[in-house]
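A short write-up of the structure that comes next.
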Amino acid sequence: MSLLKVSGLGKSFGGVRAVDGIDFELAAGELLALIGPNGAGKSTTFNMVNGQLRCDGGSIQLNGQELVGLKPRQIWRMGVSRTFQIAETFASLAVVENVQMALLSADNKLFSMWKAAAAHRRDDAMRLLDQVGMAAQADRPCSVLAYGDVKRVELAIAMANEPKLLLMDEPTAGMAPKERNELMALTKRLVLDRGMAVLFTEHSMDVVFAYADRMIVLARGRLIAQGKPAEIRDHPKVQEVYFGSGKTFEKSGSVKEAV
């Protein structure tokens with residue numbers, strides 16, 4: 001049974017059809033990559049699932065419950081969390097305090113007195129940090145962390161509401177190859193351990209082909225292909241949209257000249 005079911009999803013901006021009636025599903029325990037060239041409609045689709053954009057038509061269901069028309073915070077409380085292309089943390093707060101703030105929000109106590117934050121569910125915050133390999137740096141301010149470590153903290157924050165579905169927008173943007181692989185391997189472990197689902201956008205094709213269980217490809221607002229990485233790599237329409245002619249994807253996701 002699908003955790004997320006998107007049907008007939010559409011969005012226009014003026015006379016431009018940014019997303020044109022797309023359908024896809026996502027199961028628990030699965031990483032689904034949403035890819036496509038610039039202007040394909042990836043961000044628009046992503047933001048409609050998250051509730052940041054209201055769709056013009058179609059349906060977005062999480063475990064059979066309709067998300068269309070709900071605000072992002074309502075969707076978050078239903079078990080949909082998100083990370084951003086540029087990591088969102090409180091730089092002046094300690095690592096553990098960032099996670100505690102997320103736990104306060106999950107417990108609907110964000111507007112309680114701030115002095116209570118340092119004591120709020122510290123053990124739970126530490127467990128989340130341990131899961132992402134950041135427990136040893138719990139008391140350091142986020143401002144002094146390497147960028148790859150900030151992304152790990154952001155992932156711990158995203159786990160605070162025990163999500164069923166995690167949306168990751170360009171999770172490895174700005175990271176070195178080693179950091180990219182470490183973050184995505186960690187995400188894969190969390191997916192398997194927690195039985196959650198991940199929908200992610202990503203420009204790094206080596207990351208997509210290495211870690212996605214399935215891929216959906218958009219072009220000019222329409223879904224042109226979906227399937228396992230091997231199927232997408234060899235899909236003629238996908239190659240045409242990305243390269244025109246003369247190039248193809250390697251097995252790893254890198255690009256090679258056609259023979």
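The values are calculated or read from the model by the stated rules, or taken from the named source; none is laboratory data. A quick note: this is a predicted structure, and the numbers were derived from the prediction, not measured. When we count neighbours, we look across all protein chains shown, and the Cβ atoms used for this are built from the backbone with ideal geometry, even at glycine.
Annotations
- Enumeration of residues in the range 10-66 that are closer than 14 Å to VAL217 by Cα and of a type in the set (S, T, N, Q): ASN38, SER43, THR44, THR45
- The condition of being in the same structural domain as ALA225 (by TED's automatic domain parsing) and touching a residue at least 12 places away in the same chain (Cβ under 8 Å) does not hold for SER92.
- From the list ASP206, ASP149, ASP130, the lone residue that is of a type outside the set (Val, Ile, Thr) and either touching a strand residue (DSSP E or B) at 6+ places or on another chain (Cβ under 9 Å) or in the same structural domain as SER43 (by TED's automatic domain parsing) (or both) is ASP206.
- Selection of the range 1-50 for residues being aromatic (Phe, Trp, Tyr) and without any contact (Cβ under 8 Å) to a residue 40 or more places away in the chain yields only PHE13.
- Checking each residue in the range 209-225 for being closer than 11 Å to LEU32 by Cβ and either surrounded by fewer than 18 Cβ atoms within 10 Å (Cβ to Cβ) or not assigned by TED's automatic domain parsing to the domain that holds ALA197 (or both) picks out only ASP213.
- Selection count, the range 226-244, where residues are out of contact with any strand residue (DSSP E or B) (no Cβ under 8 Å at 6 or more places or on another chain) and surrounded by 21 or more Cβ atoms within 10 Å (Cβ to Cβ): 0
- Filter result for the condition that a residue is more than 16 Å from the chain's Cα centre (by Cα) and part of a helix (DSSP H, G or I), over ARG54, ARG17, ARG73: ARG73
- Strands (runs of 3 or more DSSP E) fully within the range 161-222 counting 3 or more residues that are of a type in the set (A, V, I, L, M, F, W, C) and within 12 Å of the chain's Cα centre (by Cα): 165-169, 197-201
- Residue check, GLU162 surrounded by fewer than 19 Cβ atoms within 10 Å (Cβ to Cβ) and within 20 Å of VAL80 (Cα to Cα): yes
- The listed residue being surrounded by fewer than 23 Cβ atoms within 10 Å (Cβ to Cβ) and over 30 Å from LEU67 (Cβ atoms), out of LYS188, LYS178: LYS178
- Restricting SER81, SER7, SER43, SER2 to residues that are polar (S, T, N, Q) and loosely packed, with under 15 Cβ neighbours inside 10 Å narrows the list to SER7.
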